[in-house]
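Colleague: Okay, here's the structure, questions in a sec.
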Amino acid sequence: MSIVDEEPKQPQEQVEEDEEPDEIQWNLGFVEEPEKPLLLLRHRFPSKVGGRPAWLDPVRLPSRDMLTCKASGKPLDFLLQVYAPVDANPEEGFHRALFLFISPEGSRLKEPGAVRLFRCQIPRHNAFYSSDPPRDKDKYPNPLPASDADASRERDPWRAVDAERPASATSSGGSASTSSPSASAKRKGKGKAGAAAAAAAANGSAAEGGSAAAAAAPLPREGVQGPGGLYPELELVVEPEEDYMDEWEEEDEEEEKSRAADGGKDAGKAGKKADGEAGDAKDEPEDGKAAEAGAGAGTGTGGADKGGARGGVEAEVRRALQEYRRRVATEGELNDEELPPDVLEALEANAAPEQRCFVDFQARVSWAPEQVIRYCFQDGAQPLWPAPHCRPKPGDIPPCSRCGAARKPEFQVLPQLLHYLHLDEEDPASPDWSTLVAYTCSASCSLPPAEAEASQCAYTEEVVWVQPPATE
């Protein structure tokens, strides 16, 4: 489910958040064109953006109702998936993935149910994948039995089970696993029992023919880009944020050394220049000095009114903000000690909350500007909010509906991802957001086998908090 503030235009108090512990370690997600698209198939357990979902459990999929936008009533668009096993449930969640979907009507993302998140996890020993890592020669997932493939097609609006098969298998109409039962029945057929077996085999062949026809049918959304179709398929590559922080620190040290070296040279030049100017000044008349000082005093007195004083403060604030932004862009996040106290006071007194919040956001993101995902499942991790509006207040994020454990933020989607979706800015259906924050069960609980069997669904819905753009 997605949750937003029902009236984002109304002013609201900024939510005070607990300070994030120092030991929190974030991972950053970057998108890349896949060198080998086959590596994004489900048996490789990918993290990716766009294309068709690479379902972890390819049979017990979310229902059509679960994959429908509650705001528009239209089928959801697949945005991304993150492969993310965690320590909270290592046995039943040996393989674990999160799937994020958004409404095809991008202007309605702020409405409840327009952004939906599903979690799936399965043990190491399961019906779909080997307990060992896939080998280089395993280009495609193992084909599903005909009945499972049909069940997958029935629920999956993207028909990923057919899209993941090689073209030769699709054109030939089935795999070895789907033809072996009928062949076995024919070999065993003798007498009346043989006739019954032959009839069953014929029915099986007819069913397989129907499955083959369904598999060979044109894939849905094929050739349709953007909202209502498919977003560009990109690999999500995850790297530790601290690697980029270390790079910034190393660059800062080098710049400091360079500035110190340049400062020594400049000081020498300035000393020689000062000596020359001092010699020239000896030849100037004392009256010239007096006249210059008088002119300066007159200028200061003439500007000493309230308007001039206020203009001076505003100019100083603008200058300080420009300097702050310049240093954030080149040096990364700044400590309070690095700006003069009077400038800090002026900034805090005059800068709008949105401005201060966005500066903090930009300062943190500037370590790795191309990041599109921030991921951390540690307790105490706090999302990085681009704006102060529409943040969850205590009690806004419900506990897990299945086990009752508290939900916590696991990952967030940054607005930078929008750039890589190749959206039409003039299209009102194009999505937009400040950030999307995924909250999941802190215990990463598993579906009870009986419930999974009854619902034929191995996917649990979690919560997404939508922070819309500040202009909405």
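The values are calculated or read from the model by the stated rules, or taken from the named source; none is laboratory data. Quantities reported herein were computed from a predicted structural model and do not represent experimental measurements. Note that we place each Cβ from the backbone using ideal geometry, even for glycine, and neighbour counts take in every protein chain shown. The protein model used for the area step is the full one, side chains on, heavy atoms only, and it has no ligands, DNA or RNA in it. Shrake-Rupley method; radii C 1.70, N 1.55, O 1.52, S 1.80 Å.
Colleague: Find the accessible area per residue for the range 86-166; the probe is 1.4 Å, ligands and nucleic acids are left out, and the unit is Å².
Modeller: Spelled out: the 1.4 Å probe surface of the range 86-166, per residue, equals 45 Å².
Colleague: With the crude spin-label approximation of a point 7 Å out along Cα→Cβ, what separation in nm comes out for Glu91 versus Gln25?
Modeller: Taking the simple label geometry, Glu91 and Gln25 are separated by 2.7 nm.
Colleague: Considering just Cα atoms, how many Å³ per residue does the convex hull of the range 34-77 enclose? Don't jump to the answer; show the numbers that get you there.
Modeller: Values: hull volume 3.5 nm³, N = 44.
It comes to 80 Å³ per residue, whole-number rounded.
Colleague: For the range 74-133, just run the numbers: alpha carbon Rg, then divide by 2.2 N^0.38 Å, N being how many residues it has.
Modeller: Ratio of Rg to 2.2 N^0.38 Å for the range 74-133: 1.43.
Colleague: Whenever you get a sec, line up Glu461, Glu19, Glu247 from highest to lowest accessible area (probe 1.4 Å, protein heavy atoms). Each step should come with its number before you reach the end.
Modeller: Values: Glu461 40, Glu19 165, Glu247 95 Å².
The ordering from most to least exposed comes out as Glu19, Glu247, Glu461.
Colleague: Heavy-atom accessible area of Thr471 with all protein chains present, probe 1.4 Å, nearest 10 Å²?
Modeller: Roll a 1.4 Å probe over it and Thr471 shows about 130 Å².
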